[in-house]
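Okay, structure first, notes after.
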Amino acid sequence: MKFHILGTGNFGNMVAHYLRKHNHKVTLFLRTPVNFAQFKKFQQKITINQPNGDAEQTQGYDTEVLREFDIDELVERHFHYGACPPDLQIQRLIVTTKAQDVNKSFRKIFYRLSPTSTIVLLTNGMGVYEELMEDFFSQDEKLRPNILMGATTHIVYRTKLVNSSFDLSHYGIGEIDLGIIPRKEVESDVTLNDNDNNEVNNEVKDNSDNLKTNSNESNSKIPKLPILDINGNELPSIPENSLRTTLEALTSIPELHCRHVNVLTIQNRLLENLVINACINPLTAIFNIRNGGLLFNRGADRVISAICKESTQIMQKHREFLGMKPSNRFGTERLIDAIYQICKSTVNFKSTMSQDVTTRKITEIDYLNGYLVKLGKFYGIPTPVNKLIVDLIYMKHIISSSPKNLKRSNII
Ligand SMILES: NC(=O)c1ccc[n+]([C@@H]2O[C@H](COP(=O)([O-])OP(=O)(O)OC[C@H]3O[C@@H](n4cnc5c(N)ncnc54)[C@H](OP(=O)(O)O)[C@@H]3O)[C@@H](O)[C@H]2O)c1
């Protein structure tokens, strides 16, 4: 099966490697010619080092260097969403850029998607899906591609000596939960272009057995869960196209530990990950420490507790708004416990935000604590601690930047 990877950094290349290992065709979208030159230096192979010291390598990737298009050029070449030439079409897109880069990277490829394509969003943080919908697919919900949202606990980073995203350590073997985001106001008689030949036709036919009510969480390897709305009600039948085969392929790769879960489960996982990452990522970044540095530290305990208290109030209102039943899953004590469990199992791990601050990259803070602040504003809940954390990360970013980059406007 054919997959495209948007965001060929640490996480994206790990997913690419396991797809390739299981004989899928994988195209890597490389951001610049420099990234391509670097891949060539690695003989166009990806190496993954396992926690037990074994190393495995894959090759045979297709590559494309991305480039910006302006709208006039797309029109002139008759490239537009849902109808670009067959050789350019993307049926399965795995998105693994950082949250703040998703929209920018999407601009380069969105016209190659169609309503029969499937986007797998594996980026951390919240708010990316909403941004994509607003900027690219706001006109008609039923015409957007299928969307699978993922929540992951895998940990992968560059091996120290090599320092390249083509030579990685799969440090934490985790899981990926995938949930289908249902379309709003779908119509049962939607007709779509079958642009993935027989595969699409088979998938559309297949759809009839996919709609049985079952609101329980499922760990099933066979993706037969129903498509439910947020209240757990069945949605009318819609042609899924590449959706089913994407789920089948991903859930059948043992190393990825992918599970298909229902939409309620994925929403809960994403919200839980949001709070966990909103504590661990900025604190480890501000103090330049590994996750274990947050353990046995009374000051850290108080800050984590304060972030969690604000988050508990926000989650209660937000889940109510989404029509979800009350649950003690987002109680302050439970969230704090979950955070310490993660810190204990990843003692030596440097969070992605901490790595970004060290390498002077823009961080995902707006999609973590920044998102909590936005939700707080919406529900009228004060969020002074999360606001302060956002500002501290902005401050850290500027301080970490080279003095040459410090502008007067940044200092005042
Ligand atoms: N690494 C992990 O263990 C892990 C675990 C769970 C979740 N995640 C999440 O996965 C996401 C990716 O993390 P990561 O660690 O893989 O980050 P990363 O190594 O920085 O990879 C991001 C990739 O996106 C590319 N990119 C940035 N802007 C782009 C654009 N405009 N067009 C095309 N490509 C672009 C980057 O290219 P350049 O390198 O050229 O900038 C880089 O290859 C994040 O949301 C992270 O929180 C990571």
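Every number in this text was worked out from the coordinates using simple rules, so none of it is lab data. Just so it is clear, the model here is predicted, and its values are computed rather than measured. Reconstructed Cβ throughout: ideal geometry from the backbone, glycine too, with neighbour counts over all protein chains shown.
Brief remarks follow.
- Globularity ratio of the stretch 278-412, using Cα Rg and 2.2 N^0.38 Å: 1.12
- Cut-off 13 Å between beta-carbons: net charge of the residues surrounding PHE136, Lys and Arg +1, Asp and Glu -1: -1
- Fully extending the segment from TYR379 to VAL162, taken as 0.36 nm per residue of separation minus the present Cα-Cα distance, adds 73.4 nm.
- Pairs from LYS98/LYS396; LYS309/LYS344; LYS45/LYS344; LYS317/LYS387; LYS317/LYS344; LYS98/LYS160 whose Cα-Cα separation, in the structure shown, is over 23 Å: LYS45/LYS344; LYS317/LYS344
- Convex hull volume of the Cα atoms of the stretch 59-178, normalised per residue: 136 Å³.
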